[in-house]
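> For reference, the structure I am asking about is given below.
The values are calculated or read from the model by the stated rules, or taken from the named source; none is laboratory data. This one's a predicted model, so the numbers in the text were calculated from it and none came from an experiment. Here the Cβ is made from the backbone with ideal geometry for all residues, glycine too, and neighbour counts use every protein chain on show.
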Amino acid sequence: MLKFEWLLDRDKPNNSVFLLRSKIELGDVTQHNIRQLKKLNQVVFPVSYNDKFYKDVLEAGELAKLAYYNDIVVGAVCCRIDLSENSRRLYIMTLGCLKQYRRLGIGTKMVEHILNYVQTDGSFDSIFLHVQVNNASAIEFYKKFGFEIVETKEHYYKRIEPADAHVLQKTLRQANGLPHAAKSDSASDVKSETTQ
């Protein structure tokens, strides 16, 4: 994805404007860059992830990606397959972007990667994740992609407030294996700003 931005050249006497070409790319998480993922997660998320999390991420393949903005690591998405509740679901463990790089399409690029993955695979019933109840911008961001709040878990998080989390889910197919019919909701057409 290419994005163009107009920048003001403040060093020129006439403040000439020039065009900067920006690119967003996703790359694999490897032994060589896992430290970058750890540092990113420490900055972006209010919770800590243990060594097992990062070991699992290294084995996740297409389900774990670093997001690059002009070759700088600025975000990441990490998912795992969940086989509970008699269904095959994709769990988004983390999806985040450095604050100064939000609203540039990076979060959208990561979600679209996951949506393409589950569509190509064809065997997932749903995608779900947990979002802190006070994170309105993240909730609105996921709603743009068809996620809905399906449950609220009290005291889900430890050592952060509020401790409650919404479970957001995008249903891909019903329990009978048929594709999920998308709801018609004019409110979903409203564009919203996100933190992703």
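> Can you pull out every residue in the range 158-196 that is crowded, with 16+ Cβ neighbours inside 10 Å, part of a loop (DSSP other than H, G, I, E, B) and at pLDDT below 95?
So the first thing to find is which residues in the range 158-196 are crowded, with 16+ Cβ neighbours inside 10 Å, and the list is 165-173, 194-196.
Filter once more, so that each one left must be part of a loop (DSSP other than H, G, I, E, B): 172, 194-196.
Selection gives THR194, THR195, GLN196.
> Report yes if some residue within the range 114-130 is polar (S, T, N, Q), modelled with pLDDT of 95 or more and under 21 Å from SER22 (Cα atoms); otherwise report no. Outline the logic, then answer.
In the first step, residues of the range 114-130 are kept if they are polar (S, T, N, Q); the result is 116, 119-120, 123, 126.
In the following step, the residues that additionally are modelled with pLDDT of 95 or more were identified as 116, 119-120, 123, 126.
Adding the requirement that they be under 21 Å from SER22 (Cα atoms) leaves none.
There is no residue in the range 114-130 that is polar (S, T, N, Q), modelled with pLDDT of 95 or more and under 21 Å from SER22 (Cα atoms).
> Within the range 30-47, identify whether any single residue is in contact with a helix residue (DSSP H, G or I) (Cβ under 6 Å, 6 or more places away or on another chain) and either touching a residue at least 60 places away in the same chain (Cβ under 8 Å) or buried (at least 17 other Cβ atoms within 10 Å of the Cβ) (or both), and answer yes or no.
Scanning the range 30-47, I find no residue that is in contact with a helix residue (DSSP H, G or I) (Cβ under 6 Å, 6 or more places away or on another chain) and either touching a residue at least 60 places away in the same chain (Cβ under 8 Å) or buried (at least 17 other Cβ atoms within 10 Å of the Cβ) (or both), so the answer is no.
> Let me ask something else. Just checking, which of ASP71, ASP82, ASP56 is within 26 Å of SER22 (Cα to Cα), touching a Lys or Arg at 6+ places or on another chain (Cβ under 9 Å) and of a type in the set (D, E, K, R)?
On the way: ASP82 fails: within 26 Å of SER22 (Cα to Cα); ASP56 fails: within 26 Å of SER22 (Cα to Cα).
Within the list ASP71, ASP82, ASP56, the selection yields ASP71.
> Now, a different point. What number of residues within the range 33-84 are among the acidic types (Asp, Glu) and over 20 Å from SER126 (Cα atoms)? Walk me through it before giving the result.
Of all residues in the range 33-84, those among the acidic types (Asp, Glu) come to 51, 56, 59, 62, 71, 82.
This time we only want the ones that are over 20 Å from SER126 (Cα atoms), so: 51, 56, 59, 71.
Looking only at that region, the number is 4.
> Go through (1) free of Cβ contacts under 8 Å to residues at least 40 places away in the same chain; (2) over 14 Å from VAL77 (Cβ atoms) for PHE145 and report which single condition fails.
Tallying (1) free of Cβ contacts under 8 Å to residues at least 40 places away in the same chain; (2) over 14 Å from VAL77 (Cβ atoms), PHE145 fails exactly one: (2).
> Look through ILE127, ILE139, ILE92 and report the one residue that is under 20 Å from ILE34 (Cβ atoms) and β-branched (Val, Ile, Thr). Before the answer, list the steps.
On the way: ILE127 fails: under 20 Å from ILE34 (Cβ atoms); ILE139 fails: under 20 Å from ILE34 (Cβ atoms).
Checking each option against the conditions leaves just ILE92.
> Within the range 62-106, how many residues are part of a helix (DSSP H, G or I) and within 19 Å of LEU129 (Cβ to Cβ)?
Quick first cut of the range 62-106, residues part of a helix (DSSP H, G or I) only: 62-63, 99-101, 106.
After this cut, where a residue has to be within 19 Å of LEU129 (Cβ to Cβ) as well, the list is 62-63, 106.
So the answer is 3.
> Among residues belonging to the range 132-157 that are farther than 20 Å from ARG89 by Cα and assigned to a loop (DSSP other than H, G, I, E, B), point out the one that is nearest to the chain's Cα centre (by Cα).
Only one residue fits best here, namely ASN135.
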